[in-house]
Structures are given as structure tokens and as C-alpha cells.
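Only one structure is covered here, and it is reproduced in the block below.
No value in this document is a laboratory result; all are computed from the given coordinates. Because the structure is predicted, anything quoted here is derived from the model rather than measured. Glycine also receives a Cβ, built like all others from the backbone with ideal geometry; neighbour counts cover every protein chain displayed.
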Amino acid sequence: MAEQHEPEGDLRLRMRQVIFDADTGAARTFDIVLLWTIVASVTVVMLDSVHGIGTRYHRELYIAEWCFTIIFTIEYALRIWSVGQAIRYMTSFFGLVDLLSILPTYVGLLFGGTESLMVIRSLRLLRVFRVLKLAHLVGEARVLMRAVLASRAKISVFIGSVLVMTAIMGAVMYLVEGPEHGFTSIPRGMYWAIVTMTTVGYGDISPQTNLGQFIASIVMIMGYGIIAVPTGIVSVELAQATRAEITARGCGECSEDGHDLDADYCKYCGAAL
């Protein structure tokens, strides 16, 4: 019985190496073909949205889109079959992106208008970092992510303070300007405060009185200082984050990549690399 399962196990191992690794010729060829297929698929979706092209070549583009969807569906099924921990892959970032890249076509059979969502496939182009041996950029992205996560408590307090400030400023401008100048309610005043504080300045609501314009000037100046706060918070955490050399080698169990160059085991699931 064991001898009957060995060929299947060997096939799964070879498939896993081709799909999830990036250090072999076959794996690089697979990734390059996949990337060009993704580019072609996204191009088809974009062309279909152009009125003249979409109307004239709708049938051809529709057939092409279904061909791409079938290809990506087979690839997604092979990833699930070959990876060691299918659930971990399916719930990972790229696993969810792979799933969302094929769902719109099938959902479109029940509900129209979902075809444009297929541009989410462009997220799959992030795998180009592995193909081009730019794994160090993945490592730097992980460092940035760790810095952002470490800053989440401080940023949450900062956002809460800004919301309180906008509520106060919105109420003040509602009292100073009033409905006759467009400030018809406190939420409307808060909208103006947010637009002004973020220095966007749509101009759809603006104070007309001298006192209102003086308050607006203060809010604008505060906005410049507020923009710098989250940048400083993340910068401090980023300076404390450690950097390490990583490889593009993917884990055969959980499909995660970005491991340390000298790692023997996956940092996410503990499986041997």
C-alpha cells in the first residue's frame, strides 16, 4: 500500500516545489508564465470596460476572460492540493487574493456587474518580488508592517484625539457661522473641520464671518502639525525594527515566504524548509 502512495507523494512534492519555490528553473518559469497570464487577464478586463472595444469585441473578451478564470481556478486547486497546510494557505493574504481573483467571474453568473472586480488580480503581481529575486523588498515590507502594528495603539489614541477635535471645531463653526453659511448641523461642521484639517480644502463649505475665518486659519495651521504626528510615531517604531536577510524560498506547508537566509524551519508554522 505504501508503494502505491509514493508516486502521488512525489508528484505533490514536485508540484509544491514548482508552485511555491522560486529558486529552481521550473519554479521561475511557472511564476513568469503566471505573471504574464495575470497581466493579460487584467488587460482583458480593462479593455472590456472601454465602450467602443467592449461593445465590438464583447464575445471574444468574454471567452478570453472565462479561459483565464479556468486557468486560475486550476492553479488555485493545485495550490490547495500540493501545499502541506491547505487551510493556512487559504486564509493567508495571497490565498485570499487567489480566491478573490476567480470569484467575480462565477458570481457574475448570478449577479451582473461584478466583472470589473476582477482587476483585483493585479494584486497577484506582487509575486514579482519572488521572481525577480527581490525578496529583500519583501523583508523591508515586513519590517514596515511590524512598525505599523507596533504603532497601532499610539495611532488609535491619536485618531481618537483628532475625532474629538473635529467634533469640537464642528460644533464651534455651527454656532459661529450657522445654517445661512452652509453649516446646517454639527456633523456638517465636522465634515468641514476634517476637510480643512487634512488640508484637502474642497471649498464646498467655507466660513463667511471674520470670526469663522479666524477659526478656520487656526484649524489649517493645526492640520500641518497633525499630519506630522503619525509619521513620527511610525518612524520611531521603524527605527527600532530589526532587519534580516531573507530568501524567496517558500514553505511547503503553509506557503509563506520571506524566511531568514539561514533559516532551517519556517518562522510561521515550524515546518522544515
Tell me, what HN-Hα J-couplings in whole Hz come from the Karplus equation 6.51 cos²θ - 1.76 cosθ + 1.60 at θ = phi - 60° for each residue of segment 60-72, using x for Gly and Pro? 5, 5, 5, 5, 4, 5, 5, 5, 5, 5, 5, 4, 5
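Can you give the extra length, in nm with one decimal, that the chain gains between Val200 and Thr24 once fully stretched, where that is 0.36 nm per residue apart less the Cα-Cα distance? Could the numbers behind the result be given before it?
Working: separation 176, 0.36 × 176 = 63.36 nm, distance 4.92 nm.
Extending this stretch completely gives an extra 58.4 nm.
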Using amide H atoms built in the peptide plane, which far-off residues or other-chain residues are under 5 Å from Tyr265 H to H? Leu273
Tell me, what HN-Hα J-couplings in whole Hz come from the Karplus equation 6.51 cos²θ - 1.76 cosθ + 1.60 at θ = phi - 60° for each residue of segment 28-42, using x for Gly and Pro? 5, 4, 4, 5, 5, 4, 4, 5, 5, 5, 5, 4, 5, 5, 5
Can you pull out the GluC sites (Glu not before Pro) in segment 151-239 whose DSSP state is coil and whose Cβ has at most 14 other Cβ atoms within 10 Å? none
In nm, the gap between the two label points placed 7 Å beyond Cα toward Cβ at Ala153 and Val236 is 1.2
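Rounded to the nearest 0.05, what FRET efficiency do Val50 and Phe111 give with R0 = 30 Å and r taken as the Cβ-Cβ distance? Could you check? Intermediate values should be presented prior to the final figure.
Values: r = 22 Å, r/R0 = 0.75.
Computed FRET efficiency for Val50 and Phe111 comes out at 0.85.
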